[in-house]
Ligand code: AMP
Ligand code: MG
């Protein structure tokens, strides 16, 4: 983790080039969008995405929005329905986030989607954000650049005040013009669902589609739609036993630290590595058809809290 205050970069060729290099090296770079300042990391890099959670001190893994330079870049990652295309044509670049089915093997870290098979994508309408996205040339995962539970930052100084010492750089592009978060519409199912009100008015979206948006509790119950339900959605198929010192007969062991196990979240006991591996390993356990899963104790501090939150949900009784 970076202890020094973030390097402040100017939004011109040299500063953006440096910002793109930090991202390419797995660093964390805050940058302005028209909504709020985002805390960006390479969406394909598990460790970089884990560092977002570490820097924000998030107690749980909520899926992150991926920012892209243009619609073709989004189409490489997601399956667009006709309704999604209409919304993108009308509101991108802009403060609208679309949740869409993720293309298999798109290379997005499973930590970005919190293990889900849908992805939230947005093309921001801010010159600095777009120039950075072009310069980096890849998908940038970016939640708001504030510590978890604090107000979203709308200036570079807010970012430095909140996250100074935990991130590599901030691109100073002045104050964010919109100042509220993006509107989120889930277009992954049969009918579009409003997941969050935000910068683009719901009325404008409904006028564009010629239909009303469903609210999460009106959507089909078999799909995760409300953000609150999201985290509990992805769970391994097997039964999970937590705080296990060793596997019992018939169990597959998901280890942490120096233990005998089938899959290890981090042999050296590094919480950042464990977070980076978590969803990949849970998917691997499914692929192995593991029926009984024993999990080593994970220290409950820093990123360990988010890991334990996810594992507790995985271990909770289900129908
Ligand atoms: P933010 O904190 O502004 O980055 O917003 C992230 C929010 O986007 C999450 O809390 C979810 O509500 C929503 N979101 C992101 N990815 C997904 C997804 N795959 N499915 C449903 N909602 C998502
Ligand atoms: Mg936020």
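Highest GNM mean-square fluctuation, the chain, Cα pairs closer than 10 Å: which of 105, 25, 71?
105
Taking 0.36 nm per residue of sequence separation and subtracting the Cα-Cα distance, how much length would be gained by fully extending the chain between residue 301 and residue 243, in nm to one decimal?
Details: separation 58, 0.36 × 58 = 20.88 nm, distance 1.50 nm.
Full-extension gain reported as 19.4 nm.
What angle do you read, to the nearest 10 degrees and between 0 and 90, between the alpha-carbon axis of helix 46-56 and the longest principal axis of the chain?
That works out to roughly 80 degrees.
Between residue 316 and residue 70, what is the label-to-label distance in nm when each label sits 7 Å out along the Cα-to-Cβ direction?
Modelled inter-label distance: 4.3 nm.
Starting from the Cα coordinates of segment 14-105, work out the convex hull volume and express it per residue in Å³.
On the way: hull volume 11.1 nm³, N = 92.
Residue-normalised Cα hull volume stands at 121 Å³.
If you take the square roots of the eigenvalues of the alpha-carbon gyration tensor of segment 106-171 and sort them as a ≥ b ≥ c, do you get rounded (a/c under 1.5), prolate (a/b over b/c) or oblate?
Details: a/c = 2.00, a/b = 1.31, b/c = 1.52.
Oblate shape, in that a/c is at least 1.5 and b/c is the bigger or equal ratio.
Could you tell me which of rounded, prolate or oblate describes the chain, using a ≥ b ≥ c as the square roots of the eigenvalues of the alpha-carbon gyration tensor, with rounded for a/c under 1.5 and, failing that, prolate when a/b is larger than b/c and oblate otherwise? Write down the numbers at each step before the final one.
On the way: a/c = 2.06, a/b = 1.27, b/c = 1.62.
Here the chain falls in the oblate category.
What full-extension length gain, to one decimal in nm, is calculated for residue 218 and residue 270 as 0.36 nm per residue of separation minus the Cα-Cα distance? Mind showing how you got there, number by number?
Details: separation 52, 0.36 × 52 = 18.72 nm, distance 4.17 nm.
Net length gain for the segment: 14.6 nm.
Roughly how tilted is helix 13-24, in degrees to the nearest 10 and between 0 and 90, from the longest Cα axis of the chain?
20
Using alpha carbon centroids, what distance separates segment 76-115 and segment 296-310, in Å?
Taking the Cα centre of each part, segment 76-115 and segment 296-310 sit 30 Å apart.
Which of the three applies to segment 135-182, rounded, prolate or oblate, going by the alpha-carbon gyration tensor with a ≥ b ≥ c and a/c under 1.5 meaning rounded? Write down the numbers at each step before the final one.
On the way: a/c = 1.39, a/b = 1.17, b/c = 1.19.
Note, shape of segment 135-182 comes out rounded.
Angle, helix 82-91 long axis vs. longest principal axis of the chain, Cα atoms, 0 to 90°, nearest 10?
50
Order by neighbour count: 22, 53, 37, fewest other Cβ atoms within 10 Å first, most last. Working shown, then result.
On the way: 22 22, 53 26, 37 30.
Starting with the residue having the fewest Cβ neighbours, the order is 22, 53, 37.
If we count other beta carbons within 10 Å of each Cβ, what is the order of 217, 309, fewest first? The partial results should precede the final answer.
Values: 217 10, 309 16.
So the ranking, lowest neighbour count to highest, is 217, 309.
Please report 263, 194, 303, 28 as a ranked list, fewest other C-beta atoms within 10 angstrom at the top and most at the bottom.
Numbers: 263 17, 194 21, 303 25, 28 28.
In increasing order of surrounding Cβ atoms, one gets 263, 194, 303, 28.
Any read-out appearing in this document is the output of simple, stated calculations on the displayed coordinates, not a laboratory observation. The structure presented is a predicted model; accordingly, all values stated were derived computationally and were not measured. So basically every Cβ, Gly included, is an ideal-geometry build from the backbone, and we count neighbours across all protein chains shown.
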